[in-house]
Amino acid sequence: MIYLDNAATTKTHEDVVKEMLPYFTENYGNASSVYDLGSKSKLAITKSRETIAAALNAKPEEIYFTAGGSESDNWALKATAEAYKNKGKHIITSKIEHHAILHTCEYLEREGYEITYLDVDERGLVDVEELKQAIRPDTILISVMFANNEIGTIEPIEEIGSIAKEYGILFHTDAVQAFGQIPINVEKMHIDMLSASGHKLNGPKGIGFLYIRKGVKIGSFIHGGAQERKRRAGTENVPGIVGLGKAVEIAVATMEERTKKESELRDYLIERVLKEVPYSRLNGPRKDRLPNNVSFCFQFIEGESLLIMLDMKGICASSGSACTSGSLDPSHVLLAIGLPHEIAHGSLRLTLGADTTKEDMDTTIEAIKEIVQKLRDMSPLYEDFKKKSAVSE
Ligand SMILES: *Cc1c(COP(=O)(O)O)cnc(C)c1O
């Protein structure tokens, strides 16, 4: 099997699993208990929080554990909206956010908030001038993702952060794809809130965190006990928190070498496919993209058919959109970068991981070439196209 869907989820690192296991068996104490067994859990949580804070140049007390990226995004948006509604009810985001942001924004619209969805250019980049123009006296929050999960675009986060700071507006970023792949410094980048998730960086599923800058007055997301400084109640997912901490430790220690290797394989894959498969295009920027992200569109074929045939060859990939949910709508991200529906339907996302090899790339490239040709040979669209181009010649 060749696994090229690391943007959807990753394999939990062996050392992460090893680190977690004792917290299911020997060290199962509740971190709120007074006896020694409980303090072992408490200590482990503290250690994980410190590791994560250090990775972001944040303070440990600014890290709040959650059940993942979606929860962190929901918390950041809903709680800011609630806490700052007397200042205003306007939020700025982008058209290419993850659904955890977009669907939360739709919910807030129904609650009487007004949302500006910024356009992106053909590479998927937000225009900071357009952002500035969208700011109003009643704007309470800017939420722009650090890097896009479908096409790999890295947004100008530091510039956006500076603007938010200049105008005194809170800035949240969904860094689920970026954290562990790109160095992040919340101070330098003026980030007030940041979402991340364990299972996107070789950690466990169902654990994540929200960084909340000290002084940001947002309320609790889950009411109950005093866990997470009373802002996110519920007995801590200790094994998950331990696993997340270990995953972050590994991600930071290996980042430079891993992302260098991944981006070389990424570029090799991009170059060969664009050269060897006619009527193909790369989505997202050529250079400033996530080190592990490749997104193509192939004309005259359906991305879904391509995925199924890749799966038959043992290659796990994605169309990069929510198509898997049975919806026939093409990806909102591909439409936002200006692709027509018929092209957006032929999308393929390949996201590399730490274990991806050159051999994997070669096998995948050959498979894509063969399958795309096969699908085109069956496609009436391609038939029409060939006839038309024969006539014009
Ligand atoms: C995966 C993902 C999420 C959701 O994270 P979960 O931990 O799966 O809830 C949010 N935003 C982006 C950009 C993602 O890629």
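The values are calculated or read from the model by the stated rules, or taken from the named source; none is laboratory data. Computed from a prediction, not measured in an experiment: that's the story for all the values here. Note that each Cβ is placed from the backbone with ideal geometry, even for glycine, and that neighbours are counted across all protein chains shown.
Listing for the model above:
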{"quantity": "Which listed residue, of LEU335, LEU350, LEU339, is closer than 20 Å to HIS99 by Cα, aliphatic (A, V, I, L, M) and part of a strand (DSSP E or B)", "calculated": "LEU350"}
{"quantity": "Unmet criterion (only one of (1) under 21 Å from ILE135 (Cβ atoms); (2) within 13 Å of the ligand (Cβ to nearest atom); (3) not acidic (Asp, Glu)) for HIS103", "calculated": "(1)"}
{"quantity": "Members of segment 341-355 that are of a type outside the set (Gly, Ala, Ser) and buried (at least 23 other Cβ atoms within 10 Å of the Cβ)", "calculated": "HIS345, LEU348, ARG349, LEU350, THR351, LEU352"}
{"quantity": "Hits in segment 17-29 - residues which are surrounded by 14 or more Cβ atoms within 10 Å (Cβ to Cβ) and among the polar types (S, T, N, Q)", "calculated": "ASN27"}
{"quantity": "Qualifying residue in segment 105-116 (condition: under 26 Å from PHE209 (Cβ atoms) and either assigned to a strand (DSSP E or B) or not assigned by TED's automatic domain parsing to the domain that holds ILE212 (or both))", "calculated": "yes"}
{"quantity": "Residue satisfying all of: in segment 4-16; surrounded by 14 or more Cβ atoms within 10 Å (Cβ to Cβ) and more than 16 Å from the ligand (Cβ to nearest atom); farthest from THR363 (Cα to Cα) among these", "calculated": "ASP15"}
{"quantity": "Within segment 134-145, considering residues that are of a type outside the set (S, T, N, Q) and buried (at least 24 other Cβ atoms within 10 Å of the Cβ), the one nearest to ALA8 (Cα to Cα)", "calculated": "MET145"}
{"quantity": "Strands (runs of 3 or more DSSP E) within segment 129-210 that include 3 or more residues near the ligand (Cβ under 10 Å from one of its atoms) and in contact (Cβ under 8 Å) with a residue 24 or more places away in the chain", "calculated": "193-197"}
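Residue-wise test of (1) among the hydroxyl-bearing types (Ser, Thr, Tyr); (2) more than 22 Å from GLU276 (Cβ to Cβ).
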position	(1), (2)
GLN299	no, no
LEU310	no, no
SER347	yes, no
SER392	yes, yes
